[in-house]
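Chemist: Mind looking over this structure? Questions follow.
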Amino acid sequence: MQLYTRKGDDGTTGLLYGGRVRKDAPNVEANGAVDEAQATIGVARAEVDRGSEVDHLLTSAEHDLWVLMAELATSPENRHKLVAGTSRVSAEMLSALEATIDGLGARFDLPAEFVIPGQDRLSALLDVARTVVRRAERMALPAAAPDSLVVPYLNRLSTLLWVMARWQEHGHALPSRAVGSDPVLAAEA
């Protein structure tokens, strides 16, 4: 089996449900950023025990990003072919993410000050993944359809990764204060 097709040698790539665009088109650039985000989440996941709660949460996020990338890889004229939760980000996916954020955030006191990443390896990797997701969110802005939930999903995913990083720091968290007064979360909201 040949692993290369040479179809992209002209600087274009194929879209889901047909069509080709330049590799520097906004939706392709956004998809590349999401692909990188998924890979950085995978690096963090490589540090945890298989089957653990953290492994499950990160694997779920990686699966969701496949759905999100399918949506970004579809031309506007083919959006009607997308299926919620399979090839298009659904409201349920967004709600599930919000419920997870709320559940984790209720388990511990959130930091009262700016966080200095690097308390431990896993929390640092989660913070790196968060920043890559934030870049993907910025790149998805010009690429996502007006009615798409791609950008809100990426916004919530970055919040989840921030909360997970703080959760993994265990006793290293700073004194608590309300989430609404945390400047990092406020800036990411």
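The values are calculated or read from the model by the stated rules, or taken from the named source; none is laboratory data. Just so it is clear, the model here is predicted, and its values are computed rather than measured. Heads up, the Cβs are rebuilt from the backbone with ideal geometry, glycines too, and the neighbour counts pull from every protein chain shown.
Chemist: Which one of these does Asp55 not meet: (1) acidic (Asp, Glu); (2) at pLDDT below 95; (3) over 22 Å from Ala144 (Cβ atoms)?
Modeler: (2)
Chemist: Among the residues that make up the stretch 153-171, is at least one of them within 17 Å of the chain's Cα centre (by Cα), part of a loop (DSSP other than H, G, I, E, B) and not charged (D, E, K, R)?
Modeler: No, the stretch 153-171 contains no residue that is within 17 Å of the chain's Cα centre (by Cα), part of a loop (DSSP other than H, G, I, E, B) and not charged (D, E, K, R).
Chemist: Of everything in the stretch 98-126, what is crowded, with 21+ Cβ neighbours inside 10 Å and at pLDDT 95 or above? Give them in sequence order.
Modeler: Ser123, Leu125, Leu126
Chemist: Pick from Arg88, Arg50, Arg6, Arg20: which is touching a helix residue (DSSP H, G or I) at 6+ places or on another chain (Cβ under 7 Å) and of a type in the set (Lys, Arg)?
Modeler: From the options Arg88, Arg50, Arg6, Arg20, the qualifying one is Arg88.
Chemist: Search the stretch 132-151 for residues that are touching a residue at least 40 places away in the same chain (Cβ under 8 Å) and hydroxyl-bearing (Ser, Thr, Tyr) and pair each with any residue that is surrounded by 16 or more Cβ atoms within 10 Å (Cβ to Cβ) and assigned to a loop (DSSP other than H, G, I, E, B) when their beta-carbon atoms are under 8 Å apart and the residues are at least 6 apart or on different chains.
Modeler: Within 8 Å, the pairs are Ser148/Val89.
Chemist: Ok, one more. May I ask you to verify whether Ser148 is in a loop (DSSP other than H, G, I, E, B), at pLDDT 95 or above and buried (at least 17 other Cβ atoms within 10 Å of the Cβ)?
Modeler: The answer is yes for Ser148.
Chemist: So, one more: Can you pull out the residues in the stretch 81-123 that are closer than 30 Å to Val28 by Cβ, aliphatic (A, V, I, L, M) and either in a loop (DSSP other than H, G, I, E, B) or out of contact with any Asp or Glu (no Cβ under 6 Å at 6 or more places or on another chain) (or both)?
Modeler: Leu82, Val83, Ala84, Val89, Ala91, Leu94, Ala96, Leu97, Ile101
Chemist: Continuing with this model, one more query. Sort out which residues of the stretch 118-174 are more than 30 Å from Ala73 (Cα to Cα) and of a type in the set (D, E, K, R), and write them in order of number.
Modeler: The answer is Asp120, Arg121, Arg166, Glu169.
Chemist: While we're here: Looking at this structure, is Thr59 hydroxyl-bearing (Ser, Thr, Tyr), surrounded by fewer than 19 Cβ atoms within 10 Å (Cβ to Cβ) and not in a helix (DSSP H, G or I)?
Modeler: no
Chemist: Of the residues in the stretch 2-30, how many are assigned to a helix (DSSP H, G or I), touching a strand residue (DSSP E or B) at 6+ places or on another chain (Cβ under 9 Å) and crowded, with 16+ Cβ neighbours inside 10 Å?
Modeler: Residues in the stretch 2-30 being assigned to a helix (DSSP H, G or I), touching a strand residue (DSSP E or B) at 6+ places or on another chain (Cβ under 9 Å) and crowded, with 16+ Cβ neighbours inside 10 Å: 2 in total.
Chemist: Go through the stretch 89-103 residue by residue and tally those that are touching a residue at least 60 places away in the same chain (Cβ under 8 Å) and farther than 19 Å from Leu161 by Cα.
Modeler: 0
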